[in-house]
Every structure is written in structure tokens, then in C-alpha cells.
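Shown next, in C-alpha cells, is the structure this report addresses.
The values are calculated or read from the model by the stated rules, or taken from the named source; none is laboratory data. Every value quoted in this text rests on a predicted model; they were computed, and no experiment measured them. Glycine gets a Cβ as well: all are built from the backbone with ideal geometry, and neighbour counts include every protein chain shown. Just so you know, the surface numbers come from the protein's heavy atoms only, side chains and all, with ligands and any DNA or RNA stripped out. Shrake-Rupley method; radii C 1.70, N 1.55, O 1.52, S 1.80 Å.
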Amino acid sequence: MHRFFVEPGQIQGNICKITGDDAWHIQKVLRLGIDEEIILCDSQGKDYIAVIQFVDKSLIQVKIVSQAPSKAEPKIEVSLLQALPKSSKMETIIQKCVELGIYEILPITTMRSVVRISDDRDARKKVQRWQKVAEEAAKQSKRGIIPHIYEPIGIQQAVNECNADLKLLFWEEEKEQSLHSLLHSQVFAPKSTAMLVGPEGGLDNSESELAKQHGWVSVSLGSRILRTETAGMAALAAIMYHWREWE
């Protein structure tokens, strides 16, 4: 059954009106008509089964017949603080992390980041594109939310303002504590977890120390050095598996 995200305000009682690109897609691409069923998601973790009642050039009206919490949403909220990578790697990171269950992604700039944001207009343009990638991945993987992609900020502000219950710093120089050992030391799953991944050249020592001063726990992903576009995905998959979010 085809799935579409709507704003909560679009749902009035048991009626929802769909406009814009989704209305066009339903009619012209999927060629769905009256009495056919679709799934609506309110971007807050709830799914609705709806039946098409009315079709116009720019409007689809549906009647909601049932609702239930989305089965695809993890119980834990995992955030990724990702240092800006080169070329189109950020889009790949966003796409795959959304599929794996990420809650939100905050791009950050670091001392060794090659990519720089020229101005506010450049930032907004990039975020608009990244958010579209997140939306498409959320639809494809039947997520109950569209993870939010924030505008890039500096690492100092990012590590200072993060208030996740568990804050993980993936640091290639960490020799004592692995992600595996840290997760197994946790008695209960934290409601929120944040992951910090550096750029291609890694984090500067001063940046890792700054993060630790703000409560970030340094962990290793093993003896192999992972690319920046691989580290977050691998860690997220391990966290979801450990807390049985794949069952």
C-alpha cells in the first residue's frame, strides 16, 4: 500500500486533504482512484489507513478508517552529529541512517573539515536538499517520522548544547573502551543517544578533549579505521541491534 506523509493539521477528524506533489503523484503516477486505500503518516509516529473519496486536479480527499502507532519507529532516539564530508557523501549518510532508524542529524564544522558553508543562503540550500533526501528515505523505509536535518553549526556549539542521555564520541585514538563494551555496561536503554563522527581527517585532539569536558564518552569502533561516511551507519546499526530494535 502506498504511503504519504502529511502535516498533523491536514487531518480534520476523519478527513484529510492532500495537495501539491503528492496529489499529482497519486493521480498521474500511481493512477489511484476513488475507494482505493493509501497509508498516511502524520510525521509524529502514527499511521492511518485511508480511503480515497474525491479526486481533483490539485486535490485528493481521503477518509480515515483506522489508525495505529507506526511499527517502523525505534523506541530509542539516536541523533548523529556528523562533521561535513566531501562531495555527496552527506546525502549517502542521511539516506542510509534514515533507513536504519536515526532520529535527527546535525551537520557540524570542525577544524579539519574540508567542506565549508559560504553563507546562510548556501546553508539553507544544502539543508533543503538534505531534508528532501531524508523524506524520500523515510517514505521508502516506511518510517513513522521524517528525521530532521539541521543547519550546520560549529563543533563547540554542538557538543555544548547536546543534552542526550548518552553521548558517544567515536575517536580513532581510543584504545580502552569499545562501543560493544560500553553498550553492554548499560543496564537500561537510554531514551536518547547522540553520536559524534569526525571528518575525513579525524577530529583534532583539542576537539575530542572539548567533547569529553561536556560529557561525551570516547569509544572505539574496533581496530579497523572506518571512513566518515561509514562510521555513523555502522554505529547506528550496532546500537539498534543491541537494543533489539531489529526484532
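Computed values, structure above
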item	result
Dmax and Rg, reported as Rg then Dmax, of the range 127-195 (C-alpha, Å)	15.5, 40
For the range 39-86, alpha-carbon Rg relative to the globular expectation (2.2 N^0.38 Å, N residues)	1.75
Once the Cα gyration tensor of the range 181-221 is diagonalised, semi-axes √(5λ) in Å	22, 12, 10
Residues of the chain: accessible area per residue with a 1.4 Å probe, Å²	54
Rough spin-label spacing in nm, given labels placed 7 Å along Cα→Cβ, for Lys125 and Ser206	3.1
Mean separation of Cα contacts under 8 Å, 6 or more apart, over the residue count of the chain: relative contact order %	20
Antiparallel bridges, percent of DSSP beta bridges restricted to the chain (to nearest 5)	45
Sparse-neighbourhood loop sites, trypsin sites (Lys or Arg not before Pro) in the range 155-197 - DSSP loop, at most 14 other Cβ within 10 angstrom	Lys175, Lys191
Within the accessible area of the chain (1.4 Å probe), percent carbon and sulfur	48
Simple spin-label estimate for Gln44 and Val187 in nanometres, 7 Å along Cα-Cβ	3.4
Förster radius 35 Å - calculated FRET efficiency between Arg3 and Glu174, Cβ distance, rounded to 0.05	0.30
The range 152-198: GluC sites (Glu not before Pro) falling in loop per DSSP and having at most 11 other Cβ within 10 Å	Glu173, Glu176
Value of D in µm² per second that Stokes-Einstein yields for the range 1-53, Kirkwood Rh from Cα pairs, at 20 °C (1.002 mPa s)	189
34 Å tail of the calculated P(r), the chain, as % of Cα pairs	26
For the range 195-247: span of alpha carbons on each principal axis (Å, largest first)	40, 24, 17
Segment Val217-Lys142, length gained on full extension (0.36 nm per residue, minus Cα span)	23.8 nm
Kirkwood hydrodynamic radius (C-alpha pairs) into Stokes-Einstein, the range 1-138, 25 °C and 0.890 mPa s, D in µm²/s	144
Highest average packing first - 11-23, 34-46, Cβ atoms within 10 Å	34-46, 11-23
Centroid-to-centroid separation of the range 174-207 and the range 1-66 [C-alpha atoms, Å]	41
Relative contact order of the range 1-87, pairs being alpha-carbon contacts under 8 Å that are 6 or more residues apart, as %	28
